Amino acid sequence: WEKLVRTRVTDPVGMPGAAFTTAGIPKDAARAAGHRVGKGGRVEPVPEYALKEPNPSGSMFATPRDLAAWLQFQVSDGVAPDGKRLVSVKNLVETRTPQNLIRLDEAAKRLFPETVQTSYA
């Protein structure tokens with residue numbers, strides 16, 4: 001999976017900092033870290049969860065520069081920076097289409113009254 005995604009997606013799109021395990025993340029990569037409210041109400045970084053094996057359901061790490069390249073690919077309707085079409089517009093639009101609908105419970109409805117649907121993927 002990692003080789004396929006790197007060969008067919010991240011390299012052609014221009015995402016050299018993309019990694020598929022925590023060991024693959026460059027040490028100098030500009031990336032965000034998770035945070036939480038800790039003891040005493042102070043915000044503190046969450047310890048990194050070591051991901052040793054690629055997991056196709058969500059183990060891609062990307063730098064802001066990589067995400068900018070992905071956004072450019074999206075607004076270019078599936079055309080890579082070298083001008084090569086990597087995916088049809090129809091199939092690219094599918095990547096923006098919700099695959100899993102999430103039920104809105106009462107608490108979510110109160111917090112987000114304008115929302116009619118939540119989704120994932």
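List of remarks:
- Residue selected from the range 111-121 under the condition more than 19 Å from Met60 (Cβ to Cβ) and assigned to a loop (DSSP other than H, G, I, E, B), by the criterion most open to solvent (accessible area, probe 1.4 Å): Glu114
- Selection from the range 80-89 of residues that are farther than 14 Å from Gly14 by Cβ, open to solvent by 40 Å² or more (accessible area, probe 1.4 Å) and of a type in the set (A, V, I, L, M): Val89
- The range 1-20, residues that are in a loop (DSSP other than H, G, I, E, B), out of contact with any strand residue (DSSP E or B) (no Cβ under 8 Å at 6 or more places or on another chain) and either at pLDDT below 90 or on the phi < 0 side of the Ramachandran plot (or both): Trp1, Met15, Pro16, Gly17
- The range 31-66 - residue that is touching a residue at least 24 places away in the same chain (Cβ under 8 Å) and open to solvent by 90 Å² or more (accessible area, probe 1.4 Å) and, of those, farthest from Lys3 (Cα to Cα): Glu48
- Test: residue in the range 99-110 that is surrounded by 10 or more Cβ atoms within 10 Å (Cβ to Cβ), polar (S, T, N, Q) and assigned to a loop (DSSP other than H, G, I, E, B): no
- Just one residue in the set Asp77, Asp28 is at positive phi and either part of a loop (DSSP other than H, G, I, E, B) or open to solvent by less than 100 Å² (accessible area, probe 1.4 Å) (or both); that residue is Asp77.
The values are calculated or read from the model by the stated rules, or taken from the named source; none is laboratory data. Note that the structure is a prediction, hence the values are computed from the model and not measured. Ideal geometry is used to build each Cβ from the backbone, glycine not excepted, and the neighbour counts take in all protein chains shown. Areas reflect the complete protein model, heavy atoms only, side chains present, ligands, DNA and RNA absent. Shrake-Rupley method; radii C 1.70, N 1.55, O 1.52, S 1.80 Å.
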